1. Taking the residues in the stretch 752-790 that are among the β-branched types (V, I, T) and modelled with pLDDT of 95 or more as candidates, determine which candidate is surrounded by the fewest Cβ atoms within 10 Å (Cβ to Cβ).
2. Out of the residues in the stretch 601-633 that are buried (at least 19 other Cβ atoms within 10 Å of the Cβ) and small (G, A, S), which is farthest from E738 (Cα to Cα)?
3. Working only within the stretch 294-308, note down all residues that are crowded, with 24+ Cβ neighbours inside 10 Å and in contact with a Leu (Cβ under 9 Å, 6 or more places away or on another chain).
4. Got at least one residue in the stretch 491-508 being in contact (Cβ under 8 Å) with a residue 24 or more places away in the chain, under 29 Å from L169 (Cα atoms), hydrophobic (A, V, I, L, M, F, W, C) and assigned to a helix (DSSP H, G or I)?
5. Scan the stretch 643-670 residue by residue and report those that are open to solvent by 40 Å² or more (accessible area, probe 1.4 Å) and under 13 Å from P718 (Cα atoms).
6. If a residue has to be assigned to a strand (DSSP E or B), among the aliphatic types (A, V, I, L, M) and open to solvent by 20 Å² or more (accessible area, probe 1.4 Å) to count, how many in the stretch 379-428 make the cut?
7. Would you call N501 more than 25 Å from I69 (Cβ to Cβ) and modelled with pLDDT of 95 or more?
8. Inside the stretch 239-268, can you point out the residues that are open to solvent by 10 Å² or more (accessible area, probe 1.4 Å) and part of a helix (DSSP H, G or I)?
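The values are calculated or read from the model by the stated rules, or taken from the named source; none is laboratory data. Small disclaimer: the values here were computed from a predicted structure and weren't measured. Counting neighbours? That spans all protein chains shown, and the Cβs are built from the backbone with ideal geometry, glycine included. All accessible areas refer to the heavy atoms of the entire protein, side chains included, with ligands and DNA or RNA removed. Shrake-Rupley method; radii C 1.70, N 1.55, O 1.52, S 1.80 Å.
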Amino acid sequence: MKKILYLISVFLAFWMAGCSPHGYEKTQYGLKITVDSTDIEIQFFSPKIARILKSKTGFSYEKKSLTVIKEAKMVPLEIKKIGDLLTLSTGEMNVLVNKTTGAVRFEDATGNLLLAEKANGSTFTSTLDLNAATFEVKQEFQLETDEVIYGLGQLQERRMSQRNQTVRLIQDNKKTVIPFIQSNKGYGLFWDNYSPTIFVDSEVVTSFDSEVGDCMDYYFMLGGNADGVIACMRELTGQVPMFPYWAYGFWQSKERYKSQDETVGVVKKYRELGIPLDGIIQDWQYWGDNFHWNAMEFLNPEFSDAKKMIDEVHDLNAHIIISCWASFGPLTKQYKILEGKGMLMDFKTWPPSSEDVWPPDPEKPSGVKVYDAYHPEARDIYWDHLNNGIFSLGMDGWWLDSSEPDHLDIKDEDYNNKTYLGSFRRVRNAFPLEHVGGVFTHQKETAADKRVFILTRSAFAGQQRYGANSWSGDVVTDWDVLRKQISAGLNFSLCGIPYWNSDIGGFFVWNFPGGVKNKAFHEIYVRWLQFGTFCPMMRSHGTDTPREIYQFGKTGDWTYDAIDKYINLRYRLLPYIYSTSWDVTTNSSSMMRALVMDFAGDKRALDIDNQFMFGKSILVCPVTEPMYVKTKKEDNKYVDPVEDFSEVKSTSVYLPANTQWFDFWTGKQYTGGEIIERETPIDIMPLFVKAGAIVPWGPDVQYASEKEADDMEIRIYPGANGEFRLYEDEGDNYNYEEGVYSTISFKWDDQQKTFSISDRQGEFPGILSERRFRLVLVDEKNGTGMTESQPVKTITYTGERITEQL
């Protein structure tokens, strides 16, 4: 009977299509057409964003995106029929569908081909999922041979270009997958599917192949450039909220502080040493044993007065966040509630054993289970306990660990776990989106005066809307791994999610016997920390060895001094960083910027995997090889370290073309388009600033909000016109969403040598009515590195426009 009804529905669909005088149906948001028993619908979400839906004729389904929150809209369209081609023109782009093959292609407004589906490149393979009929869906595209594509999330494979590879897209500890690519041709494609997916790219074909899909569903977006593509992606999937000002300071953590006295003691020690610090992180086991895993209660007797711990951290002018997981031990209150409601999944997750030993004892299972984060009631239960057990004590934020979540000893039947949205297989990759989204949404509803700040190990498309900063997982300390972090973070950011970081120093220090006692570890830690200074979050963390600054010696020791230098550099750059974060929120910008974002016309810059822009002014080139501690490498371990500073080593840096560059440390000027050798003593990482840049330089502080910025140095890098907008607000609430903030625009006219400060726009409680700006014109004698600069002029500013000749 079902087969008969299916054949009748196919016949009716063909009959209806044939009755249309054009062979297609015009809809409110685009058109529908049936080709060879495949229904194709084209919907527009803006003149630059089109959605392509394909399904088998007569197959009934309902698709509600977990990622896309924008609705389709009516866009003025011109539809033309020429031969076998139907062309839909928005004025910004053309979408063409072949009435014979069903293949879709995309052009810019002038008819230049951007991306094309392969003819007969849509494949539906019938399958069953939880005994329900569905399909494996595959779509093939054809890219140009020399085209460069980016994205796919965080793969950690030391590559910028994602061409010429096959990748299974499924969430893992160190692998954050996002089925999104963008091209140096200025377009992006989001494959809206959450099941395990194979991405393939070769000279012949580029394809997405997903295990479960009632339909094919993807979005094409024409941005014109990388920033434009990201703007389209955020228009579809959500904008980025502001983090609190303190979140951009320095964070200290380790696996793990084992008592509240130890946790508070770390903050006290930093204050005693005069080393800036804004955040401390409390890792797992504050709840006690593994049967009480993630109880969201302080059951460990070493944390007997958690409220006191949090208050003491706050009294030291610091903030604290705490580890929480997406799973629960069998003796927790949450487990019992969720189990009773059928909201726990049955597969092996971390920790595998009830005892905290390595290797785990399989004869003593922990019984820990992952909760159904796809279920709105389960997310409510999760927050109720998180709020009552921890947030109500004054906790500042969340470390949502294992948010992919951990899936150990994987079996295919594990994916048959039934969730609120169907099988785990169907929605597997979207788990972090739903989990993180639940915490963000509930906290914001609970306390609008405190911005949500979440550190999380995994992400999915759209997660930028949930106040989350992802990190790269439990990476091993090694030089090659450090190098891989750079391209991993950049490709992740190119998917539209701007906040990312890694464990400074690496999580597992297996390769450096002796840990902090091994001088070879000192060198890689310093270089990793230098890189971390220019990540959206600067966070020191790991296991196997402590890594607080005082573990590396004292003032005068090369490791200690280098760490001190870069933590202080981070704080001097806070006005620049916070203003950049406003650009991220307001203008869909990015903080870590792959070189394609600012130098798309420079072919030499398109596939560089070890350099990036931090904001739009500062070029960063981390040092990713050992230079000053010689070792032997035995069984992949660095042993017998010997310090050798007798010769200053160098690092190759490519300076992108069509601009002038200033060495941040010396003020020396270079012409772009060349590779230079930059000397890199242990306390120097190559940093270059674009001509025309204007960089606000913050005060010397011990924590982000310690001092008013009433006497601020403004560094001007001549050689081109420039502009910078200084953003300021209350620092930690959502009043900025109602316009409670201020901006001040700085402009440099290089030809006239004039510097202008605009009228201040907006205001907020506590705004400075009067302040001084010390204007520094950078050259080889002034405005370099961490040195105090001699201002060309000092201006008293009261909020009204000023123009000065320099």
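1. Out of the qualifying residues, it is T754.
2. Of everything passing the filter in the stretch 601-633, A605 is farthest from E738 (Cα to Cα).
3. Hit for the stretch 294-308 is M296, nothing else.
4. Yes - at least one qualifying residue is present in the stretch 491-508.
5. Q660, K668, Q669, Y670
6. Residues flagged as assigned to a strand (DSSP E or B), among the aliphatic types (A, V, I, L, M) and open to solvent by 20 Å² or more (accessible area, probe 1.4 Å) within the stretch 379-428 amount to 0.
7. The answer is yes for N501.
8. Answer for the stretch 239-268, where residues must be open to solvent by 10 Å² or more (accessible area, probe 1.4 Å) and part of a helix (DSSP H, G or I): Y245, W246, Q260, D261, E262, G265, K268.
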